[in-house]
Amino acid sequence: MNEKNIESILKEQRSFLPAASFTKAARIKPDDLETLYKEAEADHKGFWAERARRGIQWDKPFSTVLDDSNAPNYAWFTDGELNVSKNCLDVHLDARGDKTAIIFEGEPGDRRTLSYAELTAEVCKFANALTAQGITAGDRVIIYMPMVPEAVIAMQACARIGAVHSVVFGGFSANALRDRIVDAGAKMLITADGGNRGGQIVELKQAADTALTNGCDTIETVIVLRRTAQDVAMHEGRDIWWHDAVDGQPDTCEPVPVNAEHPLFLLYTSGSTGKPKGVQHSSAGYLLHARLTSKWVFDLQDDDIFWCTADVGWVTGHTYVAYGPLAAGATIVMYEGAPVFPDGGRFWKICQELKVTVFYTAPTAIRALMKLGDELPLSYDLSSIRLLGSVGEPINPEAWIWYHEVIGKERCPIVDTWWQTETGGIMLTPLPGVTATKPGSCTRPLPGIVADIVDEEGNTVDSPDAGGYLVIRKPWPAMLRTIWGDNDRYIETYWEKFQNRFYVAGDSAHCDADGFFWIMGRIDDVVNVSGHRLGTMEVESALVAHKRVVEAAVVSRPHEIKGESIFAYVVFRGDRPVGDDEEALEKELRDWVGEQLGAIAKPDGIRFADNLPKTRSGKIMRRLLRAIARGEEITQDTSTLENEAILDQLRGKS
Ligand code: WT7
């Protein structure tokens, strides 16, 4: 074993072929995929140019495909002009103006549907309102809203007039909001009087007001949507109700053509250190990838009802709620509230009642719902579902199998899609009518995406068990363009490690003998036990495969002899074990991991907890757990934690 590599010890052998009937009706069939791969391999730029010509309505066609003169600041379709909103809305009006674009369900149970024609009219009215408030192309607009249709309307309205939106997740605090407003230099904030989550009202306006007392001088106007009808303070001369802003505005609005590289949006993502990074995306390249992957990966057909459960505050809610499926002319579901309100059957109830056909969610949600048992999903009719998807974290084989059996009834392909805020859209994924999936693997890169795994020196790792850095070798249209206001950080974070030769995703991965990729976790989370570098994900998967374990997080601790040792946090099904029980179970789990993966991967210590610290997007905060395991002071901001109260228990104090 090469010192420079990360070792893979998880051996998952199961494989699942799509049903012949699925393949027969699928948009992409095995032969199509082979042809696409060949085309892309033969001519990378030509492949993307062809897709861009066919998939986008251009106001001015492009002649340059890729400009690499400022690499690694790549630019695509540089002399073309288009409007993203026109490509999501107007293009459908002749053929399917009456087709439902959005089915919305509020947490209290209220429902609303908007056809493409109605959605277009709403977007136009609001775009006119933005213009009336002095917003023009290039201005930054912050959107801090609940998961309601107006959030998508606001995003699309910005796109229609060339304004650059930056959505801030509604669960973020006033401080997080302020930092993003200041960094973006935003001129306007769009918010609501509140949103509904978990039976409570999320006080968006209050948080916005707090943020705005604190150095957000660039904000001139605040538009406030009435959602909960509770009383909120309105600031004379600054705040205006949404309904007043659109009142009397015409329901048509000429889409403003922008350059292909015009920024469509900024989306802030927290880095491992320092302030959040404003990931900047383009218009044409982003739209192209969003539309194409919506069609290919989710196989969207005319009668599909597509539900991506992500909030628009995350990139998944941008690409697979607000843009991709609309560009593909699909019907989408939007749900405002918590997955467990009023009980853990809410998702399944919505699937049943709205006849969802394609369902896309995160492993953290899958594990949380799995933990509640099979009775809830089994008590709903999920027969409309034909395709399932997963994104955001590696999905443990255990959760994958549950998703496959209990939700998909062993009938639905699962697409485990790997991508990032920075990549703009799905990069590595099965194609549902083609790929024989393996639980836990995101399988292969899409055609036109050149992924590889390299060692410390940047050389391809070709042994099937060895892991390394996941990199993308060639630029792709939806890639981030820069970090807003900090191009040095863009280069440092994603390119410098290997002298700007390829995009460094920051994940570790390995490739099996079939050429399938397995994500092993973030590079920063790798544990080095006696010179063996192990990804945290594999040990976690082994733990979760134990019948009583629901969730696990693995981190490293310094060790006198081994260099580092493995420390595991484990959430149990049922009550948290204490006393002797705890000791016995700890031993059982250590032996279990030893059997599954080998002695090298046995955790040195295990702590049982009722829950794990997670970001609002559901990612386990391993850095925080590492600090706790090492008895270090916690220096990072914990205010964006989903469940801050869990920290004491994790420290072993309760
Ligand atoms: C990171 C990106 C992509 C939208 C939501 C997250 C992890 C994402 C997978 C997957 C294993 C995954 C990676 C990646 N990740 N999808 N299918 N399998 N890991 O976007 O917040 O930018 O996070 O999420 O570590 O780098 P994000």
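Here R411 sits with roughly 100 square angstrom of accessible surface, probe radius 1.4 Å. Long hydrophobic helices in the chain: the complete DSSP H runs spanning 20 Å or more by Cα along their own axis with mean Kyte-Doolittle hydropathy of at least 0.0 are 116-132. Sorted on the mean count of surrounding Cβ atoms within 10 Å across their residues, most packed first, peptides 623-634, 77-88 read 77-88, 623-634. Rounded to the nearest 20, the Cβ-based charge dipole of the chain about its Cα centre (Lys and Arg +1, Asp and Glu -1) stands at 480 debye. If you sort the three axes of the alpha carbon gyration tensor as a ≥ b ≥ c, you get a/c of 1.5 or more for the stretch 254-324 and a/b no higher than b/c, which makes it oblate. Using the Cβ-Cβ distance between E560 and F498 with R0 set to 25 Å, the FRET efficiency works out to roughly 0.15. If you average the sequence gap of Cα pairs under 8 Å that are 6 or more apart and divide by the length of the chain, what percent do you get for the contact order? With pairs under 8 Å counted, the relative contact order is 14 percent.
Return a whole-number percent for the relative contact order of the stretch 219-320, with Cα pairs under 8 Å and 6 or more residues apart as the contact set. In percent, rounded to a whole number, it is 16. Taking every C-alpha pair closer than 8 Å and separated by at least 6 residues, the mean separation divided by the residue count of the stretch 138-193 gives a relative contact order of 55 percent. Just name one of N196, S283, N611: the one whose Cα is farthest towards the positive end of the charge dipole of the chain (beta-carbon charges, Lys/Arg +1, Asp/Glu -1). Result: S283. In the context of the full protein assembly, T493 retains an accessible surface of approximately 60 Å², using a probe radius of 1.4 Å and ignoring ligands and nucleic acids. Roll a 1.4 angstrom probe over the protein heavy atoms and tell me the percent of accessible area of the stretch 163-210 that is carbon or sulfur. Accessible surface attributable to carbon and sulfur in the stretch 163-210 totals 46 percent. Beta bridges per DSSP, both residues in the chain: antiparallel share near 60 percent. Ignoring ligands, DNA and RNA, what percent of the 1.4 Å accessible area of the stretch 314-468 is carbon and sulfur? Here carbon and sulfur together make up 51 percent of the probe-accessible area.
When the square roots of the Cα gyration tensor eigenvalues are ordered a ≥ b ≥ c, the ratio a/c for the stretch 413-572 is 1.5 or more and a/b does not exceed b/c, which makes its shape oblate.
The modelled label-to-label distance between H243 and E375, using points 7 Å beyond Cα along the C-beta direction, is 4.3 nm. For K619, the solvent-accessible surface computed with a 1.4 Å probe is close to 90 Å², ligands and nucleic acids excluded. For the stretch 484-628, with the dipole built from +1 on Lys and Arg beta-carbon atoms and -1 on Asp and Glu ones, taken about the Cα centre, which of V571, F517, G485 lies farthest toward the positive end? Result: G485. Working ranking of peptides 16-25, 445-454 by packing, defined as the average number of other Cβ atoms within 10 Å per residue, highest first, is 445-454, 16-25. The candidates R140, R444, arranged from most to least accessible area with a 1.4 Å probe in the full protein assembly, appear as R444, R140.
For A75, the residues whose amide H sits under 5 Å from its own are D67, ignoring neighbours fewer than 5 places away on the same chain, with H placed 1.01 Å from N. Computed over the stretch 73-227, the P(r) tail beyond 28 angstrom holds 25 percent of alpha carbon pairs. Alpha-carbon geometry of the chain: the Rg and the Dmax are 24.0, 74 Å, given in that order. Placing unit charges on the Cβ atoms of the charged side chains and taking the dipole of the chain about its Cα centre, the candidate lying farthest along the positive direction among A553, A163, V84 is V84. Once you list every other residue whose beta carbon is under 10 Å from the beta carbon of K60, what net charge do they have if Lys and Arg are +1 and Asp and Glu are -1? Net charge in that neighbourhood comes out at -3. Between E34 and R573, the modelled label-to-label distance comes to 4.3 nm, taking each label 7 Å out from Cα in the direction of the beta carbon.
Partnerless cysteines in the chain, where a partner means another cysteine C-beta under 4.7 angstrom, comprise C88, C158, C216, C308, C351, C412, C442, C511. Looking at the stretch 1-156, the accessible area is 44 square angstrom per residue; that uses a 1.4 Å probe and ignores ligands, DNA and RNA. The Cα atoms of the stretch 526-654 give a gyration tensor whose axes a ≥ b ≥ c have a/c of 1.5 or more with a/b no greater than b/c, which makes the shape oblate. Basic side chains Lys and Arg get +1 at the Cβ, acidic Asp and Glu get -1 at the Cβ, and with that the dipole of the stretch 169-327 about its Cα centre reaches some 580 debye. Using a probe of 1.4 angstrom and keeping all protein chains present, the accessible surface of the stretch 219-281 works out to 49 square angstrom per residue.
With the full set of protein chains in place, find how many percent of the accessible area of the stretch 39-131 is carbon and sulfur; take the probe as 1.4 Å. Carbon and sulfur atoms account for 42 percent of the accessible area of the stretch 39-131. Per residue, the stretch 351-450 exposes an accessible area of 26 Å² to a 1.4 Å probe, with every protein chain left in place.
The values are calculated or read from the model by the stated rules, or taken from the named source; none is laboratory data. What you see is a predicted model, and the numbers here were worked out from it, not measured in a lab. So basically every Cβ, Gly included, is an ideal-geometry build from the backbone, and we count neighbours across all protein chains shown. SASA here: full protein model, heavy atoms, side chains in, ligands and nucleic acids out. Shrake-Rupley method; radii C 1.70, N 1.55, O 1.52, S 1.80 Å.
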